[in-house]
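Structure first, commentary second.
A short reminder: the numbers here are calculations on the coordinates, not readings from a lab. These figures come from a predicted structure and were not determined experimentally. Reconstructed Cβ throughout: ideal geometry from the backbone, glycine too, with neighbour counts over all protein chains shown.
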Amino acid sequence: MRRREFITLLGGVAGGWPLAARAQPDRKRLIGVLMGALESDAAAQSRFAAFRGALAKLGWTEDGNLRIELRWGADATLLTRYAAELVALGPEVLLADTTPSLEGLRRQTRTIPIVFVNVADPIGQGFVASLARPGGNITGFSAFDAPMASKWLGMLTQITPPVARVAVLFNPATAPFAGLMLHAIEEAAPSFAVAVQAAPVNGDSEIETMMAGLAHEHGGLLVLPTVFTMSHREPIIAIAAKHRLPAVYPYPFFAADGGLMSYGLDIVDQHRRAADYVDRILKGAKPGDLPVQLPTKFELVINLRTAKALGLTVPQSMLLLADEVIE
């Protein structure tokens, strides 16, 4: 066969290929996102917006080469169901926001790459083998470690009048890491001369009962970073104010919403940085070769309006250290 005849024949065959096959290089890449929050939560929406915006800056847009399947859930049962839905769609990468989201996705797949954000102690929880070389199909951005909890406890002891008893509020279903933090808090308690009690809760009525009892003991509250406490922050803050309880929270948006004070990582920044890992995986990187990154930005926010309403004095030394003071 002459060369010209061969080229003509090849052109005719290509013209008969299915459109999907010829368009393969331009196909949309599919990623799944499982957000451990209520869809109505403005703070959670800002986290997802930061992730999507960072992807766009890297060249991945939903009106172009990317498709995002997004699910929202604020309880472990719902997140487990949505994890199965997302994996069934066959995405190339999954983003897991919070520990229950990551746990749900890990149960469904050991092959699809998963990038996590806002997950406490990923080694202690068994998600990765090490920070430097996580191995397997999971990597991401670690949140709080256990020693952070003792810093929260120390903050409560600096206000005036001081607290003698501290309740540690968490939801068992969404905080498998609570035991690690409780242990750190209990170890630090003697040095701060305070008594510590675990306060597991499953709903607003239990929060009310627990805080009413704590108020009679002139206690304070330490709120652990869980899907439950984030999605129930409005009643938690309101009930603490009702019983005039000083409280320390794990994220800046708690203090912005009326909580006394917060010290924690910038999880919006974590979602922004997670886009880089998703980009690298879509371009061929293996998640097991991408190191788990530790938090780089922490913020101390103090709500002086709330302090005055509770009749509390926050020491000047803390106010000077604050990244934001709400007056």
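Note on the chain: with a GNM built from Cα contacts shorter than 10 Å, the maximum mean-square fluctuation among 159, 185, 302 falls on 159. Normalising the average separation of contacting C-alpha pairs (under 8 angstrom, six or more residues apart) by the number of residues puts the relative contact order of segment 30-101 at 57 percent.
Rounding to the nearest 20 debye, state how big the charge dipole of segment 210-292 is about its Cα centre with +1 on each Lys and Arg Cβ and -1 on each Asp and Glu Cβ. Kindly include the intermediate steps, with their values, before the conclusion.
On the way: 8 positive and 8 negative charges, 20 e Å.
Charge dipole of segment 210-292: 100 debye, to the nearest 20.
Running a GNM on the chain with Cα contacts under 10 Å, which residue among 233, 106, 133 ends up with the highest mean-square fluctuation? Of the options given, 133 has the highest mean-square fluctuation. Of all lysines in the structure, those lying under 30 Å Cα to Cα from residue 297, and not within fewer than 8 positions of it along the same chain, are 57, 151, 283, 286, 308. The aspartates and glutamates within cross-link reach of residue 28, meaning a Cα-to-Cα straight distance under 20 Å and a gap of 8 or more places when in the same chain, are 62, 63, 69, 85, 92, 276, 279. For volume of the Cα convex hull per residue in Å³, computed directly from the structure shown, the correct entry in [x] 209; [y] 148; [z] 128 is [y].
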